[in-house]
Amino acid sequence: MNFKNEEEKQLYYIEKCKELVSHKANVLGRKLTACVTTFGCQMNFKDSEKLEGILNKIGYEIIDNEHADFVLYNTCTVRENANFKIYGRLGYLHKLKEKNKDMIIALCGCMMQEPHVIKKLNESYKFVDIIFGTHNVYMLAELLYKRLFEGHKVEDIQEGTDLIVENLPQIRKYSFKAGVNIMYGCNNFCSYCIVPYVRGRERSRDPEEIIKECNRLVQDGVKEIMLLGQNVNSYGKTLDNPISFATLLKKVSEVEGLERIRFMTSHPKDLSDELIATMASSPKICKQFHLPLQSGSDTILKAMNRHYTKADYLNLVKKLRESVSDIGLSTDIIVGFPGETEEDFLETLDVIKQARFDSVFTFIYSKRTGTPAAEMPNQVPEDVIKDRFNRLLEVVNSISNEKVLEKENSVETVLVEEENSKIDGYVTGRLSNNTLVHFKGDTDLIGQLVDVKLKKAKGFYYLGEIV
Ligand code: 5AD
Ligand code: SF4
């Protein structure tokens, strides 16, 4: 068969799978079901919306538990714990498959890009039916068709790709907010991180395509868009007609009807003054900045291959706070990188105290096979790491608590996201700076921007009252 492009080819396989699935549903006298479980970051969650879109188009009813005819785990491997979790859950799936022989088990995502994982799956988890990686998420229908039609296990892991395949069906989890991929992969090779090995080299999407997608989403009722990339600050550098991330943000800000823009994730080494100025001048860009620090020690930052110093980082924080009033800052910290001394750790605490982050994502260093850090001497003993981790949490929490108090009793705009799961008659939304607010309100408010008085600061969130 000759296809005009990859999209056309995949739409063909979606139709072929649809025939097979519909036939099976007729035989069983019920709809077939599929469950996609996502591990890891925003990029994986976005990929899962694409995977669910394809499965839904094929005719599966999407459900949220693993008692399904098709179960797919979209995996993460950024820390070793993520891998353990998958192996554990595969044991559970095996039991389910023994009861439903026709059940199809599929695995995709970052963990599948590691050769030692594939080896282990082939040796000890032979009941897995379909395995694919991060570069060919769009091929789900083609791979499923092979499995259904040919009846044997299908494995398709690609080393890398230049292809960007969009415009296949997607199911959005929220009607009023959406993620938009602006780039794929990462070229930074931070020495602890496995992402560049499993997600491949940096590839930016064409800006016009991004704007078209944003326009489509807004016409479909979306109010908030999150621009997604592993390092959005280096967006556009490798395009035939290079443009900066700040220019892209300006273009996205011009999308009529769009109310809020966020972006994830930034690397401090590429954060430009142009971007800060763009944030300061566009009311649509949310006052939220996630800027991973990782460590406050210059020695450790160097060993991490981060290309900035403690002073550079603090200078960026100063510029951000001076230019964008009220900005909410968040960061990532790794504790226990090889060679981290008590002095190094104290430098990290010092940055946290000076920068006064609104929230901090804290991670214990995890050794990832194949990364330079895994080979470094002086791996830090577990008990030392645990002690530092606890001390870090104490500082982080006490600062966050103080930060939320600063806005107590002010009135802020909230995008209402969902019914509150804990308090009857309450809904939950987010401020521009990303803090959560719970307040009394009808579910009709979901997807709307409303003004709320922040009556009580509660550590990481507010209890509010609609005004
Ligand atoms: N160990 C611990 N944390 C890690 N991260 C990335 N790789 C590792 C690792 N090997 C953290 C970084 C990154 C976040 C997404 O995950 O802090 O910013
Ligand atoms: Fe990993 Fe560094 Fe790339 Fe982030 S910037 S994905 S931490 S290599």
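Here are some conditions: (1) surrounded by 17 or more Cβ atoms within 10 Å (Cβ to Cβ); (2) within 16 Å of ligand 1 (Cβ to nearest atom); (3) at pLDDT 95 or above. V154 meets all but one. Which one does it not meet?
Among (1) surrounded by 17 or more Cβ atoms within 10 Å (Cβ to Cβ); (2) within 16 Å of ligand 1 (Cβ to nearest atom); (3) at pLDDT 95 or above, the lone unmet condition for V154 is (2).
Output the number of residues of region 297-314 satisfying the condition of being open to solvent by 40 Å² or more (accessible area, probe 1.4 Å), among the charged types (D, E, K, R) and away from ligand 2 (no atom under 15 Å from the Cβ).
2
Only one of these is in contact (Cβ under 8 Å) with a residue 24 or more places away in the chain, over 26 Å from I261 (Cα atoms) and acidic (D, E): D350, D332, D383, D387. Name it. Even if it seems obvious, please write down each step before you answer.
Numbers: D332 fails: over 26 Å from I261 (Cα atoms); D383 fails: in contact (Cβ under 8 Å) with a residue 24 or more places away in the chain; D387 fails: in contact (Cβ under 8 Å) with a residue 24 or more places away in the chain.
Sole residue among the options that is in contact (Cβ under 8 Å) with a residue 24 or more places away in the chain, over 26 Å from I261 (Cα atoms) and acidic (D, E): D350.
Just one of (1) among the hydrophobic types (A, V, I, L, M, F, W, C); (2) free of Cβ contacts under 8 Å to residues at least 60 places away in the same chain; (3) open to solvent by less than 30 Å² (accessible area, probe 1.4 Å) trips up I423, so point out which.
(3)
In region 36-74, which residues are outside any loop (DSSP other than H, G, I, E, B) and of a type in the set (S, T, Y)? Talk me through it step by step, then tell me what you get.
Kept after step one, since they are outside any loop (DSSP other than H, G, I, E, B), are these residues of region 36-74: 36-38, 42-58, 61-62, 70-74.
Within region 36-74, T37, T38, S48, Y73 qualify.
Which residues, taken from region 167-198, are open to solvent by 10 Å² or more (accessible area, probe 1.4 Å), within 12 Å of ligand 1 (Cβ to nearest atom) and not in a loop (DSSP other than H, G, I, E, B)?
Result: V195, Y197.
Which of (1) crowded, with 19+ Cβ neighbours inside 10 Å; (2) over 26 Å from the mean Cα position of the chain (by Cα) is the odd one out, the single condition V317 does not satisfy?
Answer for V317: the failing condition is (2).
Checking T134 against (1) in a helix (DSSP H, G or I); (2) closer than 21 Å to K9 by Cα; (3) within 16 Å of ligand 1 (Cβ to nearest atom), which single condition isn't satisfied?
(1)
Within the group G109, G88, G59, G40, which residue is free of Cβ contacts under 8 Å to residues at least 24 places away in the same chain and either surrounded by 18 or more Cβ atoms within 10 Å (Cβ to Cβ) or closer than 30 Å to C190 by Cα (or both)?
Values: G109 fails: free of Cβ contacts under 8 Å to residues at least 24 places away in the same chain; G59 fails: free of Cβ contacts under 8 Å to residues at least 24 places away in the same chain; G40 fails: free of Cβ contacts under 8 Å to residues at least 24 places away in the same chain.
Only one candidate qualifies: G88.
Out of curiosity, is L11 aliphatic (A, V, I, L, M), away from ligand 2 (no atom under 16 Å from the Cβ), open to solvent by 40 Å² or more (accessible area, probe 1.4 Å) and under 15 Å from A141 (Cα atoms)? Working first, answer last.
Values: aliphatic (A, V, I, L, M): yes; away from ligand 2 (no atom under 16 Å from the Cβ): yes; open to solvent by 40 Å² or more (accessible area, probe 1.4 Å): yes; under 15 Å from A141 (Cα atoms): yes.
Yes, satisfied.
Scan (1) open to solvent by 30 Å² or more (accessible area, probe 1.4 Å); (2) out of contact with any helix residue (DSSP H, G or I) (no Cβ under 8 Å at 6 or more places or on another chain); (3) in contact (Cβ under 8 Å) with a residue 60 or more places away in the chain for the single condition L148 breaks and write down its number.
Exception for L148: condition (2).
Test K212 against the criterion of being without any contact (Cβ under 8 Å) to a residue 12 or more places away in the chain and open to solvent by 30 Å² or more (accessible area, probe 1.4 Å), and give yes or no. Break it down stepwise before answering.
Numbers: without any contact (Cβ under 8 Å) to a residue 12 or more places away in the chain: yes; open to solvent by 30 Å² or more (accessible area, probe 1.4 Å): yes.
Against the criterion (without any contact (Cβ under 8 Å) to a residue 12 or more places away in the chain and open to solvent by 30 Å² or more (accessible area, probe 1.4 Å)), K212 qualifies.
Scan S204, S266 and give me the residue that is away from ligand 2 (no atom under 14 Å from the Cβ), under 18 Å from the mean Cα position of the chain (by Cα) and small (G, A, S). Give the steps one after another, and end with the answer.
On the way: S266 fails: away from ligand 2 (no atom under 14 Å from the Cβ).
Just a single option satisfies the conditions, and that option is S204.
Take region 349-368 and flag every residue that is within 15 Å of ligand 2 (Cβ to nearest atom) and open to solvent by 70 Å² or more (accessible area, probe 1.4 Å).
Listed by number, the residues that qualify are F361, K367.
Can you tell me which residues in region 369-379 are touching a Phe, Trp or Tyr at 6+ places or on another chain (Cβ under 7 Å) and surrounded by 14 or more Cβ atoms within 10 Å (Cβ to Cβ)? Steps first, please.
Of all residues in region 369-379, those touching a Phe, Trp or Tyr at 6+ places or on another chain (Cβ under 7 Å) come to 370-371, 373.
Correct list: T371, A373.
The values are calculated or read from the model by the stated rules, or taken from the named source; none is laboratory data. This structure is a prediction, so every number in the text was calculated from the model and none was measured. Positions of Cβ are generated from backbone atoms using ideal geometry, with glycine treated the same way; all protein chains shown enter the neighbour counts. Heads up: the accessible areas ignore ligands, DNA and RNA and are worked out on the full protein's heavy atoms, side chains in. Shrake-Rupley method; radii C 1.70, N 1.55, O 1.52, S 1.80 Å.
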